[in-house]
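The values are calculated or read from the model by the stated rules, or taken from the named source; none is laboratory data. Note that the structure is a prediction, hence the values are computed from the model and not measured. Don't worry about glycine lacking a Cβ; one is built from the backbone with ideal geometry, like all the others, and counts go over all protein chains shown. Protein only, heavy atoms only, side chains kept; ligands, DNA and RNA dropped before computing areas. Shrake-Rupley method; radii C 1.70, N 1.55, O 1.52, S 1.80 Å.
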Amino acid sequence: GAGVSQSPSNKVTEKGKDVELRCDPISGHTALYWYRQSLGQGLEFLIYFQGNSAPDKSGLPSDRFSAERTGGSVSTLTIQRTQQEDSAVYLCASSRRLAVGDNEQFFGPGTRLTVL
Amino acid sequence: AQSVTQPDIHITVSEGASLELRCNYSYGATPYLFWYVQSPGQGLQLLLKYFSGDTLVQGIKGFEAEFKRSQSSFNLRKPSVHWSDAAEYFCAVGAGGGGNKLTFGTGTQLKVEL
């Protein structure tokens with residue numbers, strides 16, 4: 001079946017603008033995760049969603065970052081008033097569940113965000 | 001807070017040679033440990049994982065890793081490297097209830113000489 005898809009694959013924006021990044025998880029996967037991969041910070045956890053539970057937002061770096069997951073499927077990561085340090089590759093992953101042994105995370109190809 | 005150290009940024013091996021990539025972790029409880037591979041232009045792919053039980057775990061593509069609690073290590077090994085193994089390798093430790101919040105190391109870039 002189809003893997004995790006992300007759009008756009010590349011996004012260039014100007015400092016101060018808002019951006020939305022989209023993730024389509026694997027069908028039937030109840031858990032969805034966002035990570036950020038940047039030169040200075042490596043791979044960082046941002047947020048995860050599991051079913052209808054409240055998301056774990058503990059990795060979001062500032063209140064300019066938010067994410068939602070509609071209908072338990074597609075997720076959107078929004079960055080408001082983008083800064084140059086937001087430039088990175090944003091990776092989305094999904095897993096069948098959160099339970100140990102059934103939570104292998106399958107990653108999408110990422111969205112490369114460049115803030116000018 | 002948990003952390004992962006991959007001391008080797010770059011490693012070069014000859015095709016057919018053995019490989020060992022080092023990973024040390026810091027975590028206060030029983031760790032959930034993972035190795036991922038990222039090829040150019042590709043997403044991260046899980047090679048193997050350790051949750052409990054046998055400390056030697058087998059993964060895909062002929063890779064294995066050994067969990068050593070006394071050394072806080074989870075080194076990745078392959079007996080004979082193929083040119084297609086050239087990629088970046090990430091070790092990760094999972095926190096949270098099921099090890100879902102992954103903390104990654106900085107990665108090791110593997111180059112394979114023919």
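Would the stretch B:11-24 turn up any residue that is within 14 Å of another protein chain (Cβ to nearest Cβ), touching a strand residue (DSSP E or B) at 6+ places or on another chain (Cβ under 6 Å) and under 19 Å from A:Q37 (Cβ atoms)?
Taking the stretch B:11-24 as the starting set, the residues that turn out to be within 14 Å of another protein chain (Cβ to nearest Cβ) are B:23.
From what is left, the residues that are touching a strand residue (DSSP E or B) at 6+ places or on another chain (Cβ under 6 Å) are B:23.
Then keep just the ones that are under 19 Å from A:Q37 (Cβ atoms); that gives B:23.
Yes; the residues of the stretch B:11-24 include at least one that is within 14 Å of another protein chain (Cβ to nearest Cβ), touching a strand residue (DSSP E or B) at 6+ places or on another chain (Cβ under 6 Å) and under 19 Å from A:Q37 (Cβ atoms).
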Query raised in the report: Which pairs do you get when a residue that is farther than 12 Å from B:F34 by Cα, found in the stretch B:70-95, comes within reach of a residue that is open to solvent by less than 10 Å² (accessible area, probe 1.4 Å) and assigned to a loop (DSSP other than H, G, I, E, B), reach meaning Cβ atoms under 6 angstrom, with the pair 6+ apart or on two chains?
Result: B:K78/B:F63; B:E88/B:G107
Query raised in the report: Does the stretch A:58-88 hold any residues that are among the small types (G, A, S), without any contact (Cβ under 8 Å) to a residue 12 or more places away in the chain and not in a loop (DSSP other than H, G, I, E, B), and which are they?
Result: A:G71
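Does A:E44 count as part of a loop (DSSP other than H, G, I, E, B) and within 21 Å of B:W35 (Cα to Cα)?
Details: part of a loop (DSSP other than H, G, I, E, B): no; within 21 Å of B:W35 (Cα to Cα): yes.
It is false that A:E44 is part of a loop (DSSP other than H, G, I, E, B) and within 21 Å of B:W35 (Cα to Cα).
Return yes or no: is A:S73 among the small types (G, A, S), more than 20 Å from B:S3 (Cβ to Cβ) and open to solvent by 40 Å² or more (accessible area, probe 1.4 Å)? Break it down into steps so the answer makes sense when it comes.
On the way: among the small types (G, A, S): yes; more than 20 Å from B:S3 (Cβ to Cβ): yes; open to solvent by 40 Å² or more (accessible area, probe 1.4 Å): yes.
Criteria met by A:S73.
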Query raised in the report: Looking at the stretch A:1-38, which of its residues are away from every other protein chain (no Cβ under 14 Å), touching a residue at least 60 places away in the same chain (Cβ under 8 Å) and over 11 Å from the mean Cα position of the chain (by Cα)?
Result: A:P8, A:K11, A:V12, A:T13, A:E14, A:K15, A:G16, A:K17, A:D18, A:V19, A:G28
Query - Residue count, the stretch B:64-114 (criterion: assigned to a strand (DSSP E or B) and within 14 Å of chain A (Cβ to nearest Cβ)) - result: 15
Query raised in the report: Does B:F63 fit the bill of being in contact with a Lys or Arg (Cβ under 6 Å, 6 or more places away or on another chain) and either surrounded by fewer than 17 Cβ atoms within 10 Å (Cβ to Cβ) or under 24 Å from A:S95 (Cβ atoms) (or both)?
Result: yes
Query raised in the report: Do you know which residues across the stretch A:58-106 are under 17 Å from A:N10 (Cβ atoms), hydrophobic (A, V, I, L, M, F, W, C) and within 14 Å of chain B (Cβ to nearest Cβ)?
Result: A:A88, A:V89, A:L91, A:C92
Query raised in the report: Which condition number in (1) open to solvent by 50 Å² or more (accessible area, probe 1.4 Å); (2) not in a loop (DSSP other than H, G, I, E, B) is the one that B:V57 fails?
Result: (1)
Query raised in the report: Of the numbered conditions (1) touching an Asp or Glu at 6+ places or on another chain (Cβ under 9 Å); (2) without any contact (Cβ under 8 Å) to a residue 40 or more places away in the chain, B:S14 satisfies every one except a single condition; which is it?
Result: (2)
